[in-house]
Every structure is written in C-alpha cells, then in structure tokens.
1. Measuring with a 1.4 Å probe in the full set of protein chains, what accessible area per residue, in whole Å², belongs to region 1-123?
2. What pairs in K5/K74; K33/K95; K217/K303; K239/K312; K74/K136 have C-alpha atoms more than 28 Å from each other?
3. Let me check I've understood the local charge: for L226, count other residues with C-beta under 13 angstrom from its C-beta, Lys and Arg +1, Asp and Glu -1. What total comes out?
4. How large a share of the accessible area of region 1-156, in percent, is made up of carbon and sulfur atoms when the probe is 1.4 Å and the other protein chains stay in place?
5. Once the piece of chain linking K239 and A328 is laid out straight, how much longer is it, given 0.36 nm per residue of separation minus the C-alpha distance between them?
6. Could you calculate the contour length gain from E124 to N175, that is, 0.36 nm times the residue separation minus the distance between their Cα atoms, to one decimal place in nm?
7. Round to a whole number: what % of the accessible area of region 279-328 belongs to carbon and sulfur, probe 1.4 Å?
8. Say R0 is 35 Å: what FRET efficiency, to the nearest 0.05, do K247 and H223 get from their beta-carbon distance?
Amino acid sequence: MVTNKMLSGAVFKVSPWTVAESRRAWGLFGQVKSELAAHHLCNRLRERGYSLYTLRLYDTEGGVVTSLPAEFLKYFVAPVFARTLRLLSATQSWKIAVASIIEGKPLRQRVARLKSVQIIHLSEPPSRGLFRCSTKALHHVVPRLFGDGTEIFFFPETSQMEVGLQMITPTYLSNRQVMALLEEAGFCAALLRDSTALEIISNLSLEAICETIALEKINRCLHEELRVMQERLMSLFMKYPHLEIPKVCELARTAALRQAQKTARMFPSIWLQAERSPDELTAEIAGFYIPRRNVAEFCCVVKSTTPLTKSKHWVAVRVVFKENGDFAFKVRYITQWFDFVHHEIVPQSVQELLKSFFNLEDLENG
C-alpha cells in the first residue's frame, strides 16, 4: 500500500529557537559576523520584548522532519508558512528579501509571472532581490521560494522604502542595522529551506503565537488532507487496477542513475565516479500527492550505495491518468543528496580522492 509515510502522524510545532540554531540555519542571527555579536543582538532584542521561535514539522517520535523533497515542501508545508505570516501580522503588504539563491531557475523567472509581486531590486547571478508582495498573494509566492534559497526574509511593509534593503547586501549586517529593521517593521520571519523551518521574531509569547495561528487547527487540516489524499489514491487504483507501482520506482531508479552519471562527468572525483556503477540502487515511494483529479505525483527516495559513498535522490514521478484507461509516466524533479563518505578507505585512496577533487596532477608538489 502506498502512503504518505514521511508525513503520517507528523505535526507542526512552535518552539523556542536559539542563536546557535539560527546561525547554523543562516537565519537572522546568521547575518551578523560573529557569534558574540549575535548574542549581544539577542540580548538587546529580549530587552525590547522580542523572542525567537521556529515553526517546524515533527514526526511521531518527536524528531524534526528534515530533508523533505521539494515537492512535499511546496504542497504541504509552504501553505502553512504563508498562513502563519498572514496571521502574525496585520500588514496589507510585505517586503521579501532574498539574499541567496543556490539552485533552480533564475528568481526573475519564478516571480515575474505573478502580477501581485513587484520587483524593487534584483541582481542575478547570484540572485539577491527585494520584492513587494500583497498579503493575499503570499500563498502563491511562498511555494515558489522553496527549493531555491536559504536566506529569505519577510518584513511587514512600512512607510520606509529601505526596509529589507540591508538584507541583500553581500556583507554582514551590524547589530545597529538589524535593530533598525526590527524597530521599523516590528516583526521578522525567515524561510530556512535547509531546516524546513520558519524562523519567527515577535513580541508575542509562545502560547500567544500558537493561539494566533490556530496551531491545533493547522495540524487537524494536515491530517485531514492526508486522509483525503489517501482516499483519492485508492480510488485511482480501483479505476486503474493495472497501474503497477514498481514501474514508478523503476522509472525513479533509472532517472537517479542517469543523474548520478551526469554528476560524475561534471565533477570527476573518486566518490562521484563511483556513482557510475553503484553496488546497490534501491527505490521506494516516500509519499505522494494529487494536484489534479487525473494527476498523481509520487515522490521516490532512491538510495545509492557504492564502495565510497551513500547518497539519496529525491525523484518526483508524475502519472497522468487518461480517459481511455491508460496512463503516462514522466519524471519531473530530481535532487541528489550525498550522505557521507566511508571512512574505511586506505590512505592511498584518500590521496587519489584529494587529487581528483582538486584536479591536482601531483598532490605533494601542489
């Protein structure tokens, strides 16, 4: 049986967020130069009644759900974050500062089609931009930001045009600049893709935030949505009994292998070259969602094991069901994650690994 096992029983929680966690995830406190400066900034914010929180998704064992495929984030998590922003600020419009884009399409292509988004400043590449967005449009905008950047900040728009401009400079911010931002905006949130978290800086208590965003209702809606999704999938299986899930996994497996080979050619290092002929390449359905009546998207996790590495590939496979009882498969999205390099490699292999990675003919002379 295919289920959304990565999200089954998961719940959103609001919890205190530390300076160290914010710096590791490149949140607001990661924008100042040193840890000491970050702690001084935190103390000044507390003196003014501000606290630091995060809204994250937790699994049934109480651990934070991390490394979700981008499609899951866009479909199940982004709407919750957009709703949270709307409820925590009464502003009619937002300034969105994007300080770093690391992959995907150019930012201009992703937001230019949205009439509700005004580009105030944008430089590419690398992409650093400041946008104005209406509160009503947040549910369209936030999903487009997932999977592209790690430093995306939301400020309620004030009468001052310069709010947020400091965030997109390539240099670190001073504590004075951060304090000026918060004194002007009164609220700040950061979308942290790597930790699938929404960092929140507010003068509300934890209990007040949970009540304001109706956290219990959010979780009930998530579980109800997952239940309805499951019923729709079972209905499709009954209508198309010849649909074989192994075909979906095999397509994901083939796509992941092709991506690994492509990456190995681009970066000729030992551990990537090993991806060309994995000892083991297994695929399983991590979950699914149904965006339209006749379309289902399965997110597969493909695990690759080689003599030197273990890696994961998130592969989104779209299945389009046709009125004649047939269906078509298509790979939509592939993301590759390298878990770790085995430590059981001999010293000679380590030397060859470094030579390959840094493209050195002679490591000793280099």
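1. Value returned for region 1-123: 48 Å² of accessible area per residue.
2. Violating the 28 Å Cα-Cα cut-off are K217/K303; K239/K312.
3. The answer is +1.
4. Details: 3500 of 6910 Å².
Looking at region 1-156 in its full context, I get 51 percent from C and S.
5. Full extension from K239 to A328 adds 30.5 nm.
6. Working: separation 51, 0.36 × 51 = 18.36 nm, distance 2.71 nm.
Gain in length upon complete extension: 15.6 nm.
7. Whole-percent figure for carbon plus sulfur exposure: 45.
8. Working: r = 29 Å, r/R0 = 0.84.
For R0 = 35 Å, the calculated efficiency reads 0.75.
The values are calculated or read from the model by the stated rules, or taken from the named source; none is laboratory data. Quick caveat: nothing in here was measured; it's all calculated off a predicted structure. Don't worry about glycine lacking a Cβ; one is built from the backbone with ideal geometry, like all the others, and counts go over all protein chains shown. The area values use the complete protein model at the heavy-atom level, side chains included, leaving out ligands, DNA and RNA. Shrake-Rupley method; radii C 1.70, N 1.55, O 1.52, S 1.80 Å.
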